[in-house]
Amino acid sequence: MQVNVEKLVLEVEAECVDLFNRVSSRSFQNQKKVLDAFRKNRVAARHFMPSTGYGYGDDSRDKLYRLYADVFGAEDAIVSPLITSGTHMLSIVFFGALLPGDHILCITGTPYDTLHRVIKGKGTGSLEDFGIKYSEIPLLSSGKLDFDSVKNEIGRISPKMVFITRSKGYSWRQALSIAEIEEMCTFIKKEDPNIIIFVDNCYGEFVETKEPTDVGADLIAGSLIKNPGGGIAPTGGYVAGKSHLIDRIASRFTSPALKTELGSYNASYMPFYQGLFLAPSVVASALKGSMLFGHCFAKLGYDVNPQINSIPTDIIRAIKFNSKEELITFIQKIQYSSPVDSFVTPIPGAMPGYHNKIIMAAGTFVQGSSIELSADSPIKEPYIAYLQGGLTYEHCKVAVIEALKSLFK
Ligand SMILES: *Cc1c(COP(=O)(O)O)cnc(C)c1O
């Protein structure tokens with residue numbers, strides 16, 4: 001197939017004007033929300049100062065906790081460069097909030113790949129080893145939450161925690177919207193107000209103007225090398241939510257008694273503040289980029305997810321390719337269009353925490369950062385590439401042009 005790529009991209013941009021404007025208006029509201037939190041918390045240059053050792057009285061760290069809590073409409077938060085990844089953060093939340101005998105009910109089907117071994121496994125230190133039970137309810141074939149089954153299972157097993165994955169992860173579905181999460185939170189709290197509702201918020205932050213904690217979730221957690229780090233935070237994770245739960249999670253994060261009194265970082269905290277400040281705008285660029293990729297490939301007859309002609313509910317764009325070769329070419333072209341390691345050719349390989357071989361394009365400033373333009377795919381049928389991020393819309397545009405040119409010439 002021969003395609004006039006430049007013409008196609010211009011057509012798509014013209015089609016997307018309305019959608020892009022709506023994304024800009026959300027980004028404006030989120031920017032205001034973040035700025036309000038900076039003002040309320042009187043952030044000053046001294047809050048960027050490094051600390052050492054135990055980090056007693058580290059004002060920069062404490063201020064960052066307050067800032068995240070306010071931005072996410074939560075009572076309290078923990079945000080730390082000492083948390084190695086999103087998986088680490090989610091794991092701390094499970095172990096901190098739950099006790100042996102407690103039951104987790106996941107209501108969005110199978111959780112993100114790297115959580116499987118957090119939840120299950122014998123002799124590995126998993127939740128199962130600690131006597132924490134787990135079960136899951138798949139989404140309906142429509143991709144919607146299954147309210148009937150949720151009600152039945154709550155009655156049957158009395159879960160201590162309901163776990164929700166907001167984003168699609170490596171699955172062919174739409175991410176949940178905040179409206180859907182709100183409806184479910186209200187429903188669960190009516191069934192049993194003591195259930196802890198925990199949302200894996202990865203890839204969802206600032207996509208809408210509210211977060212799950214604004215609409216009834218007790219806890220949210222995510223990675224700082226995704227949305228809320230704004231492409232600037234070099235590492236870390238966060239959890240935000242009800243203060244009595246954050247307190248228990250703090251006991252697990254450091255240790256009981258020490259909780260959040262300790263934790264130093266002997267480098268400037270500025271990237272965490274600046275990243276949060278930039279995040280609304282960076283997420284908007286990623287969303288516009290996702291729509292550009294989605295509309296271009298849909299016009300060429302490819303299946304894409306989420307559907308086009310609406311604003312995505314997370315920053316992941318899934319594209320279904322016709323063959324493994326096409327998929328690999330696409331991922332390699334994303335790498336070629338990256339600012340770092342553009343000369344490297346990615347090939348499928350094993351990754352810790354994942355079952356299938358994975359091919360990844362990750363030519364990012366921060367290693368593995370997926371708020372920067374990146375793409376990855378497990379090598380299995382159907383051949384789906386998961387693309388995410390983009391610090392600037394223009395970068396996404398350059399990359400889509402390169403990818404389309406190599407696929408269609
Ligand atoms: C990325 C991600 C995780 C895990 O985060 P890592 O930083 O890769 O460990 C968990 N859940 C979802 C939905 C994610 O997108």
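Only the coordinates and a few stated rules stand behind these numbers; no lab work does. A quick note: this is a predicted structure, and the numbers were derived from the prediction, not measured. In this analysis, Cβ positions are derived from the backbone assuming ideal geometry, glycine residues included, and neighbour counts consider all displayed protein chains.
If the cut-off is a Cα-Cα distance under 15 Å, which aspartates and glutamates reach residue 7, setting aside same-chain residues fewer than 8 apart in sequence?
15, 402
Tabulate in residue order the Karplus-calculated ³J(HN,Hα) for region 266-282, using 6.51 cos²θ - 1.76 cosθ + 1.60 with θ = phi - 60°, rounded to whole Hz; enter x for Gly and Pro.
Per residue, the Karplus-derived 3J(HN,Hα) values read 8, 8, 4, 7, 3, x, 6, 6, 5, x, 4, 5, 7, 3, x, 6, 5 Hz.
Just to be sure I understand the curve: with the Debye formula and one point per C-alpha of the chain, what is log10 I(q)/I(0) at q = 0.08, 0.11 Å⁻¹?
Scattering profile of the chain, log10 relative to I(0): -0.42, -0.81.
Just the number, please: Stokes-Einstein D of region 188-339 in µm²/s, Kirkwood Rh from C-alpha pairs, 25 °C, 0.890 mPa s.
The calculation lands on 135 µm²/s.
Among the aspartates and glutamates, which have Cα under 17 Å from the Cα of residue 63 when same-chain residues fewer than 8 positions away are ignored?
The qualifying aspartates and glutamates are 36, 75, 76, 247, 261.
Counting only residues 5 or more places away or on other chains, whose amide H sits under 5 Å from the amide H of residue 170 once H atoms are built in the peptide plane?
113
Under 13 Å between alpha carbons, and skipping anything fewer than 8 positions from residue 133 in its own chain: which aspartates and glutamates qualify?
Of all the aspartates and glutamates, those that pass the test against residue 133 - Cα under 13 Å, at least 8 places apart if same chain - are 102.
Through the Karplus equation 6.51 cos²θ - 1.76 cosθ + 1.60, θ set to phi - 60°, convert the phi angles of region 121-137 into ³J(HN,Hα) values in whole Hz; use x for Gly and Pro.
x, 9, x, 10, x, 6, 4, 4, 4, 8, x, 9, 8, 9, 8, 9, 10
Within the set 40/189; 32/259; 210/299; 168/380; 168/320; 168/190, which residue pairs have Cα atoms separated by over 23 Å?
40/189; 32/259; 210/299; 168/190
Would you grab the residues whose amide H sits under 5 Å from the one on residue 383? Only those 5+ places off in sequence or on another chain, please, with H modelled 1.01 Å from N.
It is 321, by chain and number.
As a check on your grasp of the helix formula, calculate [θ] at 222 nm for the chain: sum -39500 (n - 2.57) over DSSP H runs of n ≥ 4, divide by the residue count, round to the nearest 500.
Details: 11 runs with 158 residues, N = 409.
My calculation for the chain gives -12500 deg cm²/dmol from helical runs alone.
For region 42-123, which semi-axes, largest first and in whole Å, follow from the square roots of 5 times the eigenvalues of its Cα gyration tensor?
31, 15, 12
Place the peptides 262-272, 229-239, 48-58 in order of packing, highest mean first, counting for every residue the other Cβ atoms within 10 Å and averaging per peptide.
Top to bottom by mean Cβ count within 10 Å: 229-239, 262-272, 48-58.
Where both residues lie in the chain, what percent of DSSP beta bridges are antiparallel, nearest 5?
Bridges in the chain are about 65 percent antiparallel.
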